[in-house]
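Engineer: Right, I'll just put the structure down here and ask away after.
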Amino acid sequence: CSHAEHNMATAEDIGKHIALFERELEAVMAFWTAHSHDSKHGGFLHCLTESGEVFDTIKSGWVQGRQVWMYAKLYNTLPTYKTPEILEAAVRGGEFLLQHVKLHNEKRCYYAVTEEGKPLQLQNRPFTELFFIMAMTELYRATGDSKYQEEATTMLSQVIHWIRVDDSGLGVTKLAGASPSQELGRPMILLNVLNEFCGADETLRKKYAGDLEWCVQAILNHHDGQWVREHVSPEGNLLPG
């Protein structure tokens, strides 16, 4: 086929895929808005059957952060979802994060809480805190309330320290015989969160340029030209054993 016909076919394919993604997003949002909102305690219930029935009321800190971020992101970027209902759900979820998932007077977040928000588990990894940052960042953009920006900034500083400098504050046990190692997931998620946090703000991108570059180099350390390895030494070498 000609170059013009190829471009036309490509454009048609793209249009079909966009329409498919829009339908899927509509179905996903319809399910979660109908079944996951906890109007009594706040936050989101997420252990749901295919029909939306709750089979467990434990609330994961990961899900609370991700769902607040998703609602706020959709509110901020797509006219279809820029509704008072979506914003209210995002804010209620954000307040649940602040009141129950984040430890009071500490830069930590619970990995899991009860339906009412009572602590269940505290993880020695920084991922709940990273999803908390994403939620607070996008909620600030949706509401303009600076308290969310302050929460995101404070937690981001702590998480960067854990990932780049010293993670002993997470309660990680250092065993005498264990070789120092670097986990691929940490620089990957930190790079994602930094991109979300900075957005198109050039001042923030300049401020965090060193951290963004560190993440990229740390990720590249896991690729040896053929394989991507989950764990390597801090220098990017194979671990012994």
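Engineer: Of the numbered conditions (1) open to solvent by 60 Å² or more (accessible area, probe 1.4 Å); (2) touching a residue at least 40 places away in the same chain (Cβ under 8 Å); (3) more than 17 Å from Trp69 (Cβ to Cβ); (4) in a helix (DSSP H, G or I), Pro180 fails exactly one; give the number of that condition.
Structural biologist: Against the list (1) open to solvent by 60 Å² or more (accessible area, probe 1.4 Å); (2) touching a residue at least 40 places away in the same chain (Cβ under 8 Å); (3) more than 17 Å from Trp69 (Cβ to Cβ); (4) in a helix (DSSP H, G or I), Pro180 comes up short only on (4).
Engineer: Can you find a residue in the stretch 75-90 that is touching a Lys or Arg at 6+ places or on another chain (Cβ under 8 Å) and open to solvent by less than 70 Å² (accessible area, probe 1.4 Å)?
Structural biologist: Yes, the stretch 75-90 has at least one match.
Engineer: Of all residues in the stretch 104-116, which are within 17 Å of the chain's Cα centre (by Cα) and not hydroxyl-bearing (Ser, Thr, Tyr)?
Structural biologist: Lys107, Arg108, Cys109, Ala112
Engineer: Now a separate question. Identify, please: which residue in the stretch 117-130 is more than 18 Å from Val68 (Cβ to Cβ) and over 14 Å from the mean Cα position of the chain (by Cα) and is, among those, surrounded by the fewest Cβ atoms within 10 Å (Cβ to Cβ)?
Structural biologist: Top of the filtered list is Lys118.
Engineer: Looking only at residues that are touching a helix residue (DSSP H, G or I) at 6+ places or on another chain (Cβ under 6 Å) and open to solvent by 20 Å² or more (accessible area, probe 1.4 Å) in the stretch 38-55, which one is farthest from Lys118 (Cα to Cα)? Reasoning before the result, please.
Structural biologist: The first filter runs over the stretch 38-55 and keeps only residues touching a helix residue (DSSP H, G or I) at 6+ places or on another chain (Cβ under 6 Å), leaving 42-44, 46, 48, 52.
Then drop every residue that is not open to solvent by 20 Å² or more (accessible area, probe 1.4 Å), which leaves 46, 48.
On the way: His46: 16, Leu48: 20 Å.
Residue satisfying both the conditions and the ranking: Leu48.
Engineer: Give me the pairs, please: first residue somewhere in the stretch 16-36 and among the β-branched types (Val, Ile, Thr), second residue anywhere and in a helix (DSSP H, G or I) and open to solvent by 100 Å² or more (accessible area, probe 1.4 Å), beta-carbon distance under 9 Å, and either six or more positions apart or on two chains.
Structural biologist: Thr33/Glu85
Engineer: Something else: Tell me which residues, restricted to the stretch 56-73, are open to solvent by less than 10 Å² (accessible area, probe 1.4 Å) and either of a type in the set (S, T, N, Q) or in a helix (DSSP H, G or I) (or both).
Structural biologist: If the condition is that a residue be open to solvent by less than 10 Å² (accessible area, probe 1.4 Å) and either of a type in the set (S, T, N, Q) or in a helix (DSSP H, G or I) (or both), then Gly61, Gln64, Gly65, Val68, Tyr71, Ala72 are the ones that fit.
Engineer: Tell me which residues, restricted to the stretch 55-89, are without any contact (Cβ under 8 Å) to a residue 40 or more places away in the chain, among the hydrophobic types (A, V, I, L, M, F, W, C) and either in contact with a strand residue (DSSP E or B) (Cβ under 9 Å, 6 or more places away or on another chain) or within 22 Å of Thr128 (Cα to Cα) (or both).
Structural biologist: Selection gives Phe55, Val63, Met70.
Engineer: A further question on this structure: Go through the stretch 104-116 and report how many residues are assigned to a loop (DSSP other than H, G, I, E, B) and under 24 Å from Ser36 (Cβ atoms).
Structural biologist: Result for the stretch 104-116: 5.
Engineer: Failed condition for Ala112, given (1) more than 15 Å from Gln67 (Cα to Cα); (2) in contact with a strand residue (DSSP E or B) (Cβ under 6 Å, 6 or more places away or on another chain), with all others met?
Structural biologist: The failed condition is (1).
The values are calculated or read from the model by the stated rules, or taken from the named source; none is laboratory data. The structure presented is a predicted model; accordingly, all values stated were derived computationally and were not measured. Note that we place each Cβ from the backbone using ideal geometry, even for glycine, and neighbour counts take in every protein chain shown. The accessibility values were calculated without ligands, DNA or RNA, using every heavy atom of the protein model including side chains. Shrake-Rupley method; radii C 1.70, N 1.55, O 1.52, S 1.80 Å.
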